[in-house]
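Contents: one structure, followed by commentary.
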Amino acid sequence: MATHTMRSVEFRRERQESWRELEQVVGAAEKRGLRSLTADQLARLPHLYRATLSSLSVARSISLDRALTDYLESLTGRAYFVVYGTRQHLRRQLAEFFLWKLPSTMRAARWHLLFATLVTAAAALAAFRLTLGDMDFYYVFAGDTAQGRTPASSTEELRAGLYHTEGATAILTNFAAQLFSHNSRVGILAFATGFIAGLPTLLLLVYNGLALGAFAALYHARGLSVDLWGWLLPHGVTELFAVIVCGAAGLLLAHGLVFPGALTRMDSLRERGRHAAVLVLGAVCLLFIAALIEGIFRQTVTSVPIRYAVAGASAAGWIFYFGFVGRARDRELRGPAEVAR
């Protein structure tokens with residue numbers, strides 16, 4: 001262990017001067033633009049970038065401490081956008097974001113996503129069981145999300161709500177816009193509260209899980225589970241995932257604040273904040289798609305098989321996109337040493 005630590009310290013001492021120089025150049029470009037750099041800085045930027053990328057490959061191959069590799073990964077990622085990103089057209093930058101940056105960041109945050117999912121699922125299961133035992137819990141857990149659907153409603157009223165259709169396109173459009181606004185606020189709140197050590201983020205995830213579990217219990221007790229999930233899943237696959245992504249972004253911030261590693265808390269928060277911001281941007285896009293499905297498709301398509309087919313297609317599409325898109329670029333940045341392992 002002592003030998004490993006000495007090796008890491010020696011490796012850092014030999015190369016950290018060029019890393020610091022690259023960080024200063026990148027920081028200046030990020031704050032004031034590429035034109036603010038001197039001719040010497042512009043000339044050295046590609047060399048410093050390649051040297052740091054090489055250091056990252058070596059650090060991975062000899063298994064140096066995780067804090068160092070995380071730092072180098074972040075630095076090379078920032079430098080890449082300064083070296084290449086500023087020369088790209090907006091269309092190219094958007095393609096870069098959606099075809100690599102977003103899915104790659106999502107994969108890197110997989111443990112935070114898993115934890116947010118488990119918290120939501122545990123809360124939903126607890127609420128489901130409690131509400132089945134005593135329907136009074138429904139009013140405690142569902143609260144304002146009930147929208148007139150309560151244990152006092154008849155089974156026929158509950159079923160009718162799952163197949164209600166709207167005739168006016170304007171009404172559907174306004175409904176979708178309202179849902180997008182509401183869900184975005186909830187998601188952004190889950191992200192923003194990560195700055196407070198993540199506890200409010202967890203509470204919000206629990207709250208969403210409790211409401212979902214209570215809602216499911218009400219319809220299950222009336223024998224309407226198949227109808228409910230057919231009504232909920234076409235948009236819910238995307239919407240619930242978006243809220244979980246925002247929760248994971250908040251947990252990512254909390255992780256950087258509570259466990260900064262070798263960095264200062266502010267540096268750790270800044271580094272993780274960049275990744276969290278990417279997650280939130282992706283979540284907003286997901287919420288927009290979910291709002292369109294919820295406000296238009298779900299209100300006009302009443303076929304249960306079609307609803308389940310759309311839900312399954314959505315789930316498969318997101319699994320493929322976030323699980324596999326951009327992996328070739330990930331391997332390229334990790335270097336040949338990481339790929340071989």
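The values are calculated or read from the model by the stated rules, or taken from the named source; none is laboratory data. This structure is a prediction, so every number in the text was calculated from the model and none was measured. Ideal geometry is used to build each Cβ from the backbone, glycine not excepted, and the neighbour counts take in all protein chains shown. With ligands, DNA and RNA removed, areas are computed over all heavy atoms of the protein, side chains included. Shrake-Rupley method; radii C 1.70, N 1.55, O 1.52, S 1.80 Å.
Rounded to the nearest 20, the size of the Cβ-charge dipole of the range 25-155 about its Cα centre is 780 debye, with Lys and Arg at +1 and Asp and Glu at -1. Solvent exposure of the range 256-328, expressed per residue, is 49 Å² of accessible area, with all protein chains present and a 1.4 angstrom probe.
By the Cα gyration tensor, the range 197-341 has an equivalent ellipsoid whose semi-axes, rounded to whole angstrom, run 34, 21, 12 from largest to smallest.
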